[in-house]
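Q: Provided herewith is a single structure, encoded as structure tokens, for subsequent inquiry.
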Amino acid sequence: PPTGRRHYEFPDFDADQQRSRRAIVIWLLVVALLAVLVGLGGWWMGSGRYTAVPMVDGLDTTGATSAVEAAGLEAAVRGTYSDSVDTDLLIGTDPTGGSRIAKGDTVSLLVSLGRPTVPSIDADASVEDMEQQLRDRTFTPVDGGEAFSTSAPIGGVAALDPPPGTVLSTGTAVTVLRSKGAPPVEVPDVRGQSVDQARTTLESVGITVGEVRESFDEDTDGGKAIGSTPEAGQTVRSGSTAVLEVSNAVTVPSLLGRSVGSARTTLETLGLTIDVRQVVDTDGSLVITQSPGAGSRVEPGSEVMVVSLP
């Protein structure tokens, strides 16, 4: 270029236009991609991730399970009480057929358990536990106040009305009676009864014989009851334990007219000893007197004195 003149470069308009067109295309592609992603997200959040619970009317449990799984859902069987549907038949679903839920969610297949029965009473169950068991069977628990009970602790469940095992309609009210402990009973008089008879007499009022204790009583035959602890006439709670006192007295038999040898054998069999008073030391002499006399009650191991002749 000539000396002393400034040199100016003119812009390349063709290159600028090409770069501008490329930028526009790139931005259009980005916008289009974002639009597609937003659309897919909206579809998924709106309806794509959801499905309808199939209708299972007329199907059995197996068929209903297949229908639920074919819809992309999990199936779980759940028993429910019903007054109108026979046991083991399908009642419906939860959620109900036609409901829209997320794919992969669990649908409960409701299978009939028939009409509910009043549950049995667990001796250790609290009133709250019993009431929850009733609710689980669709019943409505009602407080029935207190009642005596020989099996439930104070504050526990004494009884249900209607009683356990009763078949009722769903939603029926069941009365819960709270225990106030065992009822008071009077200790019966068992004097003179055999051990088995006395035990039966005490158990008939709810008293358990915990121990049988022997002791001597000159007025009571051996093997018969002298009394009990607590004593007859006292008031105790049903379910209490008592000690049965039994006589170990031995009744002296009649030895008169027997030989000394026979008398000795008889007394030793009864756990008694013999003291013989005789002129000649022989077992063949006959007993003419004895002390204590026949019918007397003595302690085990006691001695009986006899006089014999010759």
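Q: When Lys and Arg each count +1 and Asp and Glu each count -1, what net charge do the other residues less than 10 Å away from residue 104, Cβ to Cβ, add up to? All intermediate terms of the calculation are to be shown ahead of the outcome.
A: On the way: positive: 49, 103; negative: 74, 105.
Here the count lands on 0.
Q: Given the Cα-Cα distance of residue 49 and residue 231 and 0.36 nm per residue of separation, how much length would full extension add, in nm?
A: On the way: separation 182, 0.36 × 182 = 65.52 nm, distance 8.04 nm.
Difference between extended and current length: 57.5 nm.
Q: So, one more: Go ahead and run the numbers for FRET between residue 34 and residue 96, Cβ-Cβ distance against an R0 of 41 Å, rounding to 0.05. If you can, show how the numbers build up before the last one.
A: On the way: r = 39 Å, r/R0 = 0.95.
Efficiency, rounded to the nearest 0.05: 0.55.
Q: So if a site counts as exposed when it's one of the GluC sites (Glu not before Pro), its DSSP state isn't H, G, I, E or B, and it has at most 15 other Cβ atoms within 10 Å, what's the longest stretch of the chain without one? Please report the intermediate quantities before stating the final value.
A: Details: sites that count: 9, 218, 231.
Longest site-free region, per DSSP loop and neighbour criteria: 10-217.
Q: Using a 10 Å cut-off on Cβ atoms, rank the peptides 105-112, 280-287 from the highest mean neighbour count down. Mind showing how you got there, number by number?
A: Values: 105-112: 19.0, 280-287: 14.2.
Top to bottom by mean Cβ count within 10 Å: 105-112, 280-287.
Q: Quantify how much of the Cα-Cα distance distribution of the range 144-214 extends past 15 Å, in percent.
A: Numbers: 1625 of 2485 pairs.
Beyond 15 Å sits 65 percent of the P(r) for the range 144-214.
Q: Next up: Give, as a single signed number, the net charge of other residues whose beta carbon lies under 12 Å from the beta carbon of residue 129, with Lys and Arg counted +1 and Asp and Glu -1. Walk me through the numbers before you get to the answer.
A: Working: positive: 135; negative: 122, 124, 128, 131, 136.
Within the 12 Å Cβ shell, the charges total -4.
Q: Can you pull the three principal axis extents for the Cα set of the range 184-248, in Å, largest first?
A: Its Cα atoms span 33, 18, 15 Å along the three principal axes.
Q: Normalising by the residue count of the range 51-112, find the relative contact order in percent from Cα pairs under 8 Å and 6+ residues apart. Please list the in-between numbers first.
A: On the way: 117 pairs, mean separation 29.4, N = 62.
Value for the range 51-112: 47 percent.
Q: Nearest 5 percent is fine: what portion of the DSSP beta bridges confined to the range 171-310 is antiparallel?
A: Numbers: 16 of 29 bridges.
Here the antiparallel bridges make up roughly 55 percent for the range 171-310.
Q: What number results when the radius of gyration of the chain, computed over Cα atoms, is divided by 2.2 N^0.38 Å? Don't skip to the answer; put the middle values down first.
A: On the way: Rg = 49.0 Å, N = 310, 2.2 N^0.38 = 19.5 Å.
Dividing the Cα radius of gyration by 2.2 N^0.38 Å gives 2.52.
Q: Provide the FRET efficiency to the nearest 0.05 for the residue 305-residue 186 pair, computing r from the beta carbons and using R0 = 51 Å.
A: Working: r = 46 Å, r/R0 = 0.89.
That pair, residue 305 with residue 186, gives E of 0.65.
Q: Can you classify the range 251-309 as rounded, prolate or oblate using the Cα gyration tensor, where a ≥ b ≥ c are the square roots of its eigenvalues, rounded means a/c under 1.5, and otherwise it's prolate if a/b beats b/c and oblate if not?
A: Taking the square roots of the gyration eigenvalues as a ≥ b ≥ c, the range 251-309 is prolate.
Q: Per-residue counts of other Cβ atoms within 10 Å, averaged by peptide: what ranking do you get for 168-174, 30-36, 114-120, highest first?
A: Details: 168-174: 15.4, 30-36: 10.0, 114-120: 17.3.
Descending packing order for the listed peptides: 114-120, 168-174, 30-36.
We did not get these values from a lab; they are worked out from the coordinates using the rules stated. What you are looking at is a predicted structure, and each value in this text was computed from that prediction instead of being measured. We place every Cβ from the backbone using ideal geometry, glycine too, and count neighbours over all the protein chains shown.
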